[in-house]
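Data first, discussion second: the structure below is written as structure tokens.
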Amino acid sequence: MKHFTGFSMGKKKRVTFADLLGFSLVNVVEISPRNSLTDICFPQAHKSPVKPIAAHRPYLTSLFEQPVQKDDFLERVTRQYICLESVVCDKAIIGFVRVLNIAYKKEVVVRYTVDGWKTFREESAEHLSISSDGTMDTFFFRIPLLSLLKEASNVEFAIRYNVRGRVYWDNNAFKNYSVCLVSEG
């Protein structure tokens with residue numbers, strides 16, 4: 001029998017799987033074993049009452065239809081030069097943006113607020129890919145939420161495209177895009 005050195009049975013190792021943007025692909029829940037079956041099935045009067053585990057936790061939801069799901073999505077990109085494609089809400093707001101590829105040098109920025117535009121912040125978007133025919137580019141942005149969630153439960157944003165000295169906006173037809181923190185329970 002071989003003896004393995006450097007391996008400790010008592011230490012727990014943690015492995016995580018993430019996508020290209022660093023989001024977890026797997027959620028793991030640990031369940032502690034009970035002392036006996038009677039602990040589960042038959043509450044006893046002498047035991048302290050069991051506090052229920054929170055069934056619901058706050059989550060983020062977009063207050064708009066994902067633009068890429070609309071029939072006129074590609075037409076909007078062509079007409080506006082820029083259009084939000086989709087948003088994923090997790091530990092941050094991740095957005096994907098499609099722009100018309102009219103020059104090599106371009107900048108895409110998301111402008112967002114948590115106080116109804118009294119103040120705002122900006123994050124630069126990163127280039128992700130070029131369409132197969134070269135007519136459009138896809139960018140993605142990330143709005144960090146840890147500090148924002150302490151300030152408000154609603155985040156509004158619009159996207160700006162700077163190219164060839166011109167500025168183009170996608171602000172959801174003057175309504176802005178909005179993501180809301182929903183608390184249930």
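The numbered conditions (1) loosely packed, with under 14 Cβ neighbours inside 10 Å; (2) at positive phi are all true for ASN172 except (1). Within region 103-124, being of a type in the set (S, T, N, Q) and either part of a strand (DSSP E or B) or buried (at least 18 other Cβ atoms within 10 Å of the Cβ) (or both) holds for THR113, SER124. Screening ARG111, ARG79 for residues that are under 20 Å from ARG166 (Cβ atoms) and out of contact with any strand residue (DSSP E or B) (no Cβ under 8 Å at 6 or more places or on another chain) leaves exactly one candidate, ARG79.
Checking each residue in region 72-82 for being touching a Phe, Trp or Tyr at 6+ places or on another chain (Cβ under 8 Å) and part of a helix (DSSP H, G or I) picks out only GLN80. Scoring GLU85 on the criteria (1) over 19 Å from the mean Cα position of the chain (by Cα); (2) acidic (Asp, Glu); (3) in a strand (DSSP E or B) leaves a single failure, condition (1). Reported count of residues in region 100-121, each being free of Cβ contacts under 8 Å to residues at least 24 places away in the same chain and of a type outside the set (S, T, N, Q), is 4.
Residue-by-condition table, conditions (1) surrounded by fewer than 18 Cβ atoms within 10 Å (Cβ to Cβ); (2) over 22 Å from the mean Cα position of the chain (by Cα):
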position	(1), (2)
GLN69	yes, no
LEU128	yes, no
SER132	yes, yes
VAL163	no, yes
VAL179	no, no
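Filtering region 122-142 to residues that are out of contact with any His (no Cβ under 8 Å at 6 or more places or on another chain), without any contact (Cβ under 8 Å) to a residue 40 or more places away in the chain and not hydrophobic (A, V, I, L, M, F, W, C) leaves GLU122, GLU123, SER124, GLU126, HIS127, SER129, SER131, SER132, ASP133, GLY134, THR135.
Read the figures in this text as sums done on the coordinates, not as results from a lab. Computed from a predicted model, the values in this text were never measured in an experiment. All Cβ positions, glycine included, derive from the backbone under ideal geometry; neighbour counts span all protein chains shown.
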